[in-house]
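The values are calculated or read from the model by the stated rules, or taken from the named source; none is laboratory data. Predicted model, so just to flag it, every value in this text is computed and none were measured. Note that each Cβ is placed from the backbone with ideal geometry, even for glycine, and that neighbours are counted across all protein chains shown.
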Amino acid sequence: MNLPEKMKFGIFLGPFHRVGENPTLALERDMELIQWLDKLGYDEAWIGEHHSAGWETISSPELFIAAVAERTRHINLGTGVVSLPYHHPFMVANRMVQLDHMTRGRTMFGVGPGALPTDAYMMGIDPTTQREKMDEALGIILRLFTEIEPITYKSDWFELNEALLQLRPYQRPHMPIAVASIQSPSGVQLAGKHGASVLTITVPRDPLADRADFGKLWDIAEESAEQHGKVVKREDWRLVVPVHLAETREKAREQVREGAAGFLRDYSEGTNGRKPVFDGPRDQVVDWMSDNGFWIVGTPDDCIEGINNLAEESGGFGGFLVQTIDWAPRDSILRSYELLARYVMPQFQGSVTGLEISNQWAKDRVDVLLDGRVRAIEKAKSDYGGSVNLS
């Protein structure tokens, strides 16, 4: 397995909030969650952009990032993702560079074509053109980030007349860039073309489908990068998985049982019209999705095993992102992230190696060292002279 010495951990925040609850409080809880992750030592949070369907309620990841950056100190904050066909590339470039300065280099730039067909429909965008537009827009944005000569460019959906950015990126040559990839090869192909990292959503999209062949997806990214004179690195490849942890597997699954069914049946299938992945009873959704490796719902040990399985399937990756779903009581969700930080992250970041070695070293020498301690005490008594009553 090709894993880095220190894997990155974070979240991919759609977000997913059930219809019917207070949206103002939901946004506040999303910010509080990232504050909690910052305290727990998570590396990054990616924030989504959506405009319809009622569940994913952040329409401007840039606004959200600007607010949450003021509440955090360490965690990196990325757009997960900006749907490039929805925006003029010049405006996107300007907003991202401003964020890069405002966060002192904690900004990451994730892009995609737009995931919800309802979004594209409301804006009159032909869905068959979205990936082409994303490719075109990203190319222009990268030029704006890196070139200092004015750019003139005319497309069938945007135009630049001697355009250049007033502010240059805070990070040089620009902030980290990632392309979303779900199941088709277009995302990884585009990432390779532009030398970007990849955000791979692992959830199946078709009935009884297996996850995408991760190894083949990465091969496409590398082949595309080579064709275009770019480089992609496995250590920058992130996999996104729904996760919920508790002290026991049974407890974890009970905590999300109804919420998991709502997420899959009511939103993914009922609202977005995706074909059923599992056609059994609602109360068995979480068990089927977890037992078949699409979700990780269980103990920290289950999560460690799940990450190792993903590493085996993919050939190795560098970042593990929890697809954040509002599917359990609030305290249980916060506890899940704490368990992951305490017991899972150290196994993939090398932070307990020294402790384990030191502990084993002491165990291996306990008899010798204890004998020395006893002899030292006896010598101290002898040197003192006479009997000593310590009662």
Anything in the stretch 195-218 that is modelled with pLDDT of 95 or more, on the phi < 0 side of the Ramachandran plot and of a type outside the set (Val, Ile, Thr)? List them, or say none. Ala196, Ser197, Leu199
Of everything in the stretch 256-265 that's in contact (Cβ under 8 Å) with a residue 60 or more places away in the chain and under 17 Å from Ala53 (Cβ atoms), which residue is nearest to the chain's Cα centre (by Cα)? Phe263
Here the residues within the stretch 274-309 that are in contact (Cβ under 8 Å) with a residue 60 or more places away in the chain, surrounded by fewer than 17 Cβ atoms within 10 Å (Cβ to Cβ) and over 19 Å from the mean Cα position of the chain (by Cα) are Arg274, Lys275, Pro276, Asp279
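Per-residue answers, yes or no, for (1) aliphatic (A, V, I, L, M); (2) crowded, with 19+ Cβ neighbours inside 10 Å; (3) farther than 28 Å from Ser351 by Cα:
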residue	(1), (2), (3)
Asn2	no, no, no
Met7	yes, yes, no
Pro23	no, no, yes
Gly54	no, no, yes
Ser59	no, no, yes
Arg73	no, no, no
Gly78	no, yes, no
Ser83	no, yes, yes
His87	no, no, yes
Just a yes or no: is a residue in the stretch 200-216 under 30 Å from His74 (Cα atoms), in contact (Cβ under 8 Å) with a residue 24 or more places away in the chain, touching a Leu at 6+ places or on another chain (Cβ under 8 Å) and buried (at least 17 other Cβ atoms within 10 Å of the Cβ)? yes
Would it be correct to say that Met31 is free of Cβ contacts under 8 Å to residues at least 24 places away in the same chain and assigned by TED's automatic domain parsing to the domain that holds Val179? no
